[in-house]
Amino acid sequence: MNNRREQLEILHAHLGELVVALAQDPLCQWRSHFVASQQRAALLLSHGFTQSELNELSGSVNHVFGGAGSFNDYAPVRAKADGTFGTVAGMDGFDELSGNVYDSALALRAVGNAP
């Protein structure tokens, strides 16, 4: 896919899906980052964008995925009364949602065939 607008629309949609999922966990500190990223994507979709702006958005979205204490360390689980851990309700597909956001943001940075 070479169409940057389509790629940005996909990122916007994936961010929306992740934001909805993260809203299921009121203790999640990462939701605000992805809300802001989705808002930035919406702004670029409505006002136009340069490749540089897409690169900035991509970097902003994906910088939370690396290093100790990063979003990669987040696990949507809570301790149960019996001492076991369970996934937060509504977060069963979390890994796929997270991966979709990362991959779609990364796709915006690949400039080999960018219009």
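Every number in this text was worked out from the coordinates using simple rules, so none of it is lab data. Keep in mind it's a predicted model, so treat the numbers as computed, not measured. Cβ placement follows ideal geometry from the backbone for every residue including glycine, while neighbour counts extend to all protein chains displayed.
The table below lists the values:
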{"read-out": "Filtered residues of region 79-91 (kept if surrounded by 13 or more Cβ atoms within 10 Å (Cβ to Cβ) and over 17 Å from F34 (Cα atoms))", "value": "T87, V88, G90"}
{"read-out": "Counted residues, region 41-58 - those being surrounded by fewer than 18 Cβ atoms within 10 Å (Cβ to Cβ) and of a type outside the set (V, I, T)", "value": "11"}
{"read-out": "Any chance Q24 is under 30 Å from D92 (Cα atoms), of a type outside the set (V, I, T) and exposed (fewer than 12 other Cβ atoms within 10 Å of the Cβ)", "value": "no"}
{"read-out": "Any hit, region 59-69, residues being polar (S, T, N, Q), within 16 Å of I10 (Cα to Cα) and exposed (fewer than 14 other Cβ atoms within 10 Å of the Cβ)", "value": "no"}
{"read-out": "Per-region count, region 27-69, residues under 14 Å from V101 (Cα atoms) and among the hydroxyl-bearing types (S, T, Y)", "value": "3"}
{"read-out": "Residue list for region 16-70, restricted to those being of a type outside the set (G, A, S) and not in a helix (DSSP H, G or I)", "value": "Q24, D25, P26, L27, C28, Q29, W30, F49, T50"}
